[in-house]
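Trainee: A single structure is presented below for examination.
The values are calculated or read from the model by the stated rules, or taken from the named source; none is laboratory data. All values reported here derive from a predicted model rather than from experimental measurement. Heads up, the Cβs are rebuilt from the backbone with ideal geometry, glycines too, and the neighbour counts pull from every protein chain shown.
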Amino acid sequence: MLRLHISSGISRAGQLELPMPPGDLKRQTETLRPPASNHPLHVSSVDSPIPSLGWHLQHVRLDSGTTLQKLNRLAETIDGMNEAGYYHLGKALNTESRQSLDEVLRTAAHIKPSSMDCYEIIPDVTTHQALGEWLVEHDSLEEKVPESLRPYLDYHSIGVDYCIAHEGEFLSTGYAGIRMGAAEQVLEEQGILHLTLTTAESWYYLTLPASEEKLEDAKRDLDVEDFAQAMIAGVKYTAPHLGRLIPADCITVENANELALCLREMEQEEGEVMKFCAVLEAEQPDTFAEALNIAMDRDDYELVPENAEGYGKQVLRRIGADDEIIDTIDSYMDFAQLGTDSLAEDGVRRTEFGMVRRLSKPFPPAPEIGQAMM
């Protein structure tokens, strides 16, 4: 169910509980319109099983019957989901920018019913404190906690740590997270890059990386022989920041799948996605193909220490000094000055995601980067 809180201007007008029969929906919406008001009705807030959904639907204007039909269809789709579906949809919705109602509908329509075996669902547990208490009470931690210690436990911290480890979320109906050992299957279902493909007659929401079989399925659904016959109407990344760092110019489905495979590999190594973001900010590719080339050549880059002293020590290690030598000369060496002097020569760039350098051919030195590290 979706409960939409409706406003007109700054005044609250009432609420709609969806889904409902189309005729009833139209009549009830008309009763919410204040007499002699020039302000259109809009959604001010939403109650739903998916907490993040309200942010995307906020400010949707109810200025047409088509919009009402779409909201009603979304409510019907959500009503057909279980807790695993709620979890998937919450994960699939963009966390960095609001998606349009059409985008939300497309995302929801492609949430496939998943095996509950992949998920741990705990009804009515909606806070970290309650999660910690439930885990201890049901002996669901790796080690059983003795009864004598339970009154002294920090249940909130237990809940937080467990939630992070299992990519858990609190839905309105309770806690949902990935079961131990099911992470790989869930990640495959969620994907890492999503394309909205359209033709004159149809559209398809493609989750990447995808196998050749799934790509062929997409072509059949779109009724095309080649993806060049379809338009890429939307691009969304699961990983934060990539949507604003990677241009969509000259994007193809084939290149997008290659990038998704690279991103999946990066997720297996700690810090690799963050390094990729730093390199993208430094290189500023003009096309999607250039961003893909950077992803494929990512071993040509490295993140470096944020402070001048740490960078100076890294310079010495690159020329063969080990920790024993560095410790020996510690009292006689100005590591910070060495680090500062090496910055311009090595072409180190400061980015939002850390300091990065290119190994094969240094970046042109950024102005005053040495002073910024002091």
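Trainee: With a cut-off of at least 2 residues that are assigned by TED's automatic domain parsing to the domain that holds residue 242 and farther than 28 Å from residue 47 by Cβ, name the strands (runs of 3 or more DSSP E) lying wholly within region 135-223. So that I can check it myself, show each step before the final result.
Mentor: Values: elements: 169-171, 174-178, 193-198, 203-208.
Hits in region 135-223: 193-198, 203-208.
Trainee: What residue, among those in region 114-134 that are of a type in the set (Asp, Glu) and either farther than 26 Å from residue 51 by Cα or part of a helix (DSSP H, G or I) (or both), is nearest to the chain's Cα centre (by Cα)? Please lay out each step first, then the result.
Mentor: At the first step, the residues of region 114-134 found to be of a type in the set (Asp, Glu) are 117, 120, 124, 133.
Cutting the leftovers down to either farther than 26 Å from residue 51 by Cα or part of a helix (DSSP H, G or I) (or both) gives us 117, 133.
Details: 117: 23, 133: 29 Å.
That would be 117.
Trainee: Follow-up question, since we're still on this one. Please return the ranges of helices (runs of 4 or more DSSP H) entirely within region 272-374 where 3 or more residues are surrounded by 15 or more Cβ atoms within 10 Å (Cβ to Cβ). Step through it out loud before you land on a result.
Mentor: Numbers: elements: 272-283, 288-296, 308-318, 323-328, 335-346, 369-373.
Once the helices (runs of 4 or more DSSP H) in region 272-374 are filtered for at least 3 residues that are surrounded by 15 or more Cβ atoms within 10 Å (Cβ to Cβ), what remains is 272-283, 288-296, 308-318, 335-346, 369-373.
Trainee: Same structure, new question: Can you work out which of the residues in region 57-85 that are in a loop (DSSP other than H, G, I, E, B) and hydrophobic (A, V, I, L, M, F, W, C) is nearest to residue 39 (Cα to Cα)? Give the steps one after another, and end with the answer.
Mentor: First pass over region 57-85, keeping only residues in a loop (DSSP other than H, G, I, E, B): 58-60, 62-64, 80-82.
Those still in the list that are hydrophobic (A, V, I, L, M, F, W, C) too: 60, 62, 81.
Values: 60: 13, 62: 11, 81: 35 Å.
Top of the filtered list is 62.
Trainee: Test of understanding: among 266, 231, which residue is under 15 Å from residue 192 (Cβ atoms) and not aromatic (Phe, Trp, Tyr)? Before the answer, list the steps.
Mentor: Values: 231 fails: under 15 Å from residue 192 (Cβ atoms).
Just a single option satisfies the conditions, and that option is 266.
Trainee: Would you mention how many residues in region 71-95 are surrounded by fewer than 20 Cβ atoms within 10 Å (Cβ to Cβ), within 17 Å of residue 237 (Cα to Cα) and hydrophobic (A, V, I, L, M, F, W, C)?
Mentor: The qualifying residues number 1.
Trainee: Could you look through region 341-374, keep only residues that are charged (D, E, K, R) and touching a Gly at 6+ places or on another chain (Cβ under 7 Å), and pick out the one that is modelled with the highest pLDDT?
Mentor: Let us first name the residues in region 341-374 that are charged (D, E, K, R), namely 341, 345-346, 349-350, 352, 357-358, 361, 368.
The next check asks that each one be touching a Gly at 6+ places or on another chain (Cβ under 7 Å); those that pass are 357-358.
Numbers: 357: 90, 358: 93.
Checked region 341-374; the qualifying residue modelled with the highest pLDDT is 358.
Trainee: OK, next. Looking at region 111-130, is at least one residue surrounded by 19 or more Cβ atoms within 10 Å (Cβ to Cβ), closer than 21 Å to residue 94 by Cα and either aliphatic (A, V, I, L, M) or modelled with pLDDT of 90 or more (or both)?
Mentor: Yes, that holds for at least one residue.
Here is a yes/no grid of residues against (1) of a type in the set (Lys, Arg); (2) farther than 26 Å from residue 95 by Cβ:
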| position | (1), (2) |
| --- | --- |
| 153 | no, yes |
| 156 | no, no |
| 162 | no, no |
| 174 | no, no |
| 202 | no, yes |
| 206 | no, no |
| 209 | no, no |
| 213 | no, yes |
| 219 | yes, yes |
